[in-house]
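Engineer: The structure is given below, and queries will be raised subsequently.
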Amino acid sequence: MIECILSLLILSTILCFFPLLIKAYERIDHAISTEKDFEWNLFLMELRKELRTSNGWEVTKNGLYLKSGQEIVVYEKYNNLIRRRVDGKGHEVVLQKIKQINFSSNKNEIILHVQFTNNHTREAHLFFPLRENEE
């Protein structure tokens with residue numbers, strides 16, 4: 001009888017810690033999943049920086065074209081990633097695991113709608129003041 005009570009005591013102690021283990025697993029999983037957020041945020045910061053220094057931009061469904069001095073910088077989908085090219089040369093990967101991306105614009109706003117391969121979607125609205133020659 002004492003052996004059964006002792007076994008139940010040990011089992012109930014283990015079961016009491018089970019919710020804590022699940023919570024710890026969720027925190028670890030969340031910490032790992034922020035890597036995608038980090039890559040997305042880094043992509044947006046670099047794109048905003050390049051847009052601020054550009055002389056003008058044009059949005060098509062398949063890409064974003066920026067005029068930077070005498071160079072044309074293109075952000076476009078290539079296979080399952082977004083790449084950056086300068087004057088049609090190079091292949092700089094700026095965002096990975098992309099299923100689909102749509103570029104659109106509305107006056108002084110660039111809208112990015114991205115669907116990742118895991119079916120998560122992100123949307124970004126990049127606002128920039130109009131220059132005198134664009135009004």
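Rule-based calculations on the coordinates, nothing more; no lab input. Just so it is clear, the structure is predicted and the values come from calculations on it, not from any experiment. Positions of Cβ are backbone-derived with ideal geometry, glycine not excepted, and every protein chain shown enters the neighbour counts.
Engineer: Could you state the angle between the C-alpha long axis of helix 2-53 and the longest principal axis of the C-alpha atoms of the chain, as a value from 0 to 90 degrees rounded to the nearest 10?
Structural biologist: That works out to roughly 10 degrees.
Engineer: Given a cut-off of under 8 Å on Cα pairs at least six residues apart, what relative contact order in percent is computed for the chain? Spell out each step's value before the answer.
Structural biologist: Working: 172 pairs, mean separation 16.6, N = 135.
Computed value for the chain: 12 percent relative contact order.
Engineer: From the P(r) of the chain, can you give the percent of Cα pairs sitting at distances over 27 Å?
Structural biologist: Values: 3645 of 9045 pairs.
Of all Cα-Cα pairs in the chain, 40 percent lie more than 27 Å apart.
Engineer: Suppose R0 equals 41 Å. What FRET efficiency, 1/(1 + (r/R0)^6) with r the Cβ-Cβ distance, do Q96 and I5 give to the nearest 0.05?
Structural biologist: On the way: r = 56 Å, r/R0 = 1.37.
The calculated FRET efficiency here is 0.15.
Engineer: How high is the FRET efficiency from T53 to E26, r the C-beta distance, R0 35 Å, rounded to 0.05? Write out the running numbers ahead of the final one.
Structural biologist: Numbers: r = 41 Å, r/R0 = 1.17.
Using R0 = 35 Å, I get an efficiency of 0.30.
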